[in-house]
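Taking it in order: structure first as structure tokens, then the write-up.
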Amino acid sequence: MDILLENIGRRFNREWIFKAINYRFLQGNSYAVLGPNGSGKSTLLQVLLGSLSSSEGKLSYWSEKGEVDVNDFFLSTSLAAPYQELIEDFTLRELIDFHFSFKRMEDGMNTRLLIELLELERAADKELRYFSSGMRQRTKLALACCAQTPTLFLDEPTTNLDVNGVTWYLNLIERFAKNKLLIIGSNQEHEYSFCQHRIQIEHYKS
């Protein structure tokens, strides 16, 4: 899956968050969208995901079979972000089963192995409302990375993770993101140091 941006811009009221972005994100490559807090990284990711419309320009998705309708793109992508909500009434086991009733899990994985990957065996039947912020973030990352989708979006992926959690995140990426189109919004180098391409959002200000 490739994502093509042609003169893409987004504004709120009269202020342009970014504009005149011409870029092509290519399948199998990794990209870091960089900039200080409040610069528009998350906004750009949401535009790329199709969850937020652009104010100008054209966004299109391309598979080997041709252009993909924006309404079908969600089937081809996964997201982990701090603003993403989890269903707090579900246990971890229930959440995993529910999530993967909509998307296929990576080959060789199942609910038990995913819980082991999370290192949360003792919390498998605990409701998400009782999870710490770090446990929630690991869960978001694992659900996104272990989905069999060609594109993967991560926004500030190590939010609420301690040093061990950061190491766990890097191992997760190494294992599950190799052949995907990976796009990371970040301002912390340890989150994106492995990315092949860097995009400075500040370069697209009016």
key: Tally of residues being in contact (Cβ under 8 Å) with a residue 24 or more places away in the chain, more than 15 Å from Glu106 (Cα to Cα) and hydrophobic (A, V, I, L, M, F, W, C) across the range 144-169   = 5
ask   = Is there a residue in the range 156-166 that is within 23 Å of Ile96 (Cβ to Cβ), hydrophobic (A, V, I, L, M, F, W, C) and surrounded by 17 or more Cβ atoms within 10 Å (Cβ to Cβ)?
value = yes
query = What is the number of the single condition among (1) in contact (Cβ under 8 Å) with a residue 60 or more places away in the chain; (2) in contact with a Lys or Arg (Cβ under 9 Å, 6 or more places away or on another chain); (3) closer than 26 Å to Phe90 by Cα that Leu141 does not meet?
reply = (2)
request  = Return yes when Phe73 is among the aromatic types (Phe, Trp, Tyr), touching a Gly at 6+ places or on another chain (Cβ under 6 Å), modelled with pLDDT under 95 and under 30 Å from Glu189 (Cβ atoms) and no when it is not.
outcome  = yes
inquiry  = Which of the numbered conditions does Glu88 fail, given that it passes all the others? Conditions: (1) within 19 Å of Lys180 (Cβ to Cβ); (2) surrounded by fewer than 18 Cβ atoms within 10 Å (Cβ to Cβ).
reply    = (1)
query = Is it true that Ser78 is among the polar types (S, T, N, Q) and surrounded by fewer than 20 Cβ atoms within 10 Å (Cβ to Cβ)?
reply = no
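The values are calculated or read from the model by the stated rules, or taken from the named source; none is laboratory data. Values in this document were obtained by computation on a predicted structure and should not be read as measured data. Here Cβ is always computed from backbone atoms with ideal geometry, including for glycine, and neighbour counts include all displayed protein chains.
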